[in-house]
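Asks: Could you have a look at this structure, given as structure tokens, before my questions?
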Amino acid sequence: MTNPDRLSVRAALERFLTTDPQDVGCAEALSLLHVYADLKAAGGDPERRWPGVAAHLRACEPCGDDYEGLLAAVLET
């Protein structure tokens, strides 16, 4: 493993170990993602309504990417 790879692994591990205690995890975040995106698109504040989902989306890049894609699709319709 090269030094940049080790740094990347270390950064990922540090993010994991410092997970926000409000983080609801992938399963719950994904189950609410469509509602979360709809509320955001309607001008609401989904972070206030579901702080655990917001914490998860900040911490989990794949779920955050899914949210961004879904939000973009909702805003285009």
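Asks: Using a probe radius of 1.4 Å on heavy atoms only, what accessible surface per residue do you get for the chain? Whole Å² is fine.
Replies: Per residue, the chain has 71 Å² of solvent-accessible surface.
Asks: Which of [x] 13.4; [y] 12.0; [z] 18.7 is the computed Kirkwood radius over Cα pairs in Å for the structure on display?
Replies: Identified label for the calculated read-out: [x].
Asks: Using each residue's phi in segment 31-37, evaluate 6.51 cos²θ - 1.76 cosθ + 1.60 at θ = phi - 60° and report the 3J(HN,Hα) Karplus result to the nearest Hz, with x for Gly and Pro.
Replies: Ordered by residue, 3J(HN,Hα) equals 5, 9, 4, 5, 5, 4, 5 Hz.
Asks: Using a 10 Å cut-off on Cβ atoms, rank the peptides 68-77, 10-19, 48-57 from the highest mean neighbour count down.
Replies: Working: 68-77: 11.6, 10-19: 9.9, 48-57: 18.5.
In decreasing order of mean packing, 68-77, 10-19, 48-57 become 48-57, 68-77, 10-19.
Asks: On a full-extension model of 0.36 nm per residue, what is the gain between GLU47 and CYS26, subtracting their alpha-carbon distance, rounded to one decimal in nm?
Replies: 6.0 nm
Asks: Dipole size in debye (nearest 20) for the chain around its Cα centre, Lys and Arg Cβ +1, Asp and Glu Cβ -1? Let's see the in-between values first.
Replies: Working: 7 positive and 13 negative charges, 46 e Å.
The dipole magnitude comes to about 220 debye.
Asks: Can I ask one more? Just the number, please: carbon plus sulfur as a percent of the accessible area of segment 28-77, 1.4 Å probe, no ligands or DNA/RNA counted.
Replies: Details: 1580 of 3040 Å².
Ligands and nucleic acids excluded, carbon and sulfur reach 52 percent.
Asks: Say each of THR18 and GLU68 gets a label point 7 Å from the Cα, pointing the same way as Cα to Cβ; how far apart are those two points in nm?
Replies: So the two model labels end up 2.1 nm from each other.
Asks: Report the calculated FRET efficiency for GLU76 and SER8 (r = Cβ-Cβ distance, R0 = 22 Å), to the nearest 0.05. Intermediate results must be reported in sequence, preceding the final value.
Replies: Values: r = 33 Å, r/R0 = 1.52.
Computed FRET efficiency for GLU76 and SER8 comes out at 0.05.
Asks: Of ALA59, LEU70, TYR36, which is farthest along the charge dipole of the chain in the positive direction, counting Lys and Arg as +1 and Asp and Glu as -1 at C-beta?
Replies: ALA59
The values are calculated or read from the model by the stated rules, or taken from the named source; none is laboratory data. No experiment lies behind these values; they were computed from the predicted model shown. Methodologically, a virtual Cβ is constructed for each residue, glycine included, from the backbone with ideal geometry; neighbour enumeration extends over all protein chains shown. For accessibility, only protein heavy atoms count, side chains too; no ligands or nucleic acids. Shrake-Rupley method; radii C 1.70, N 1.55, O 1.52, S 1.80 Å.
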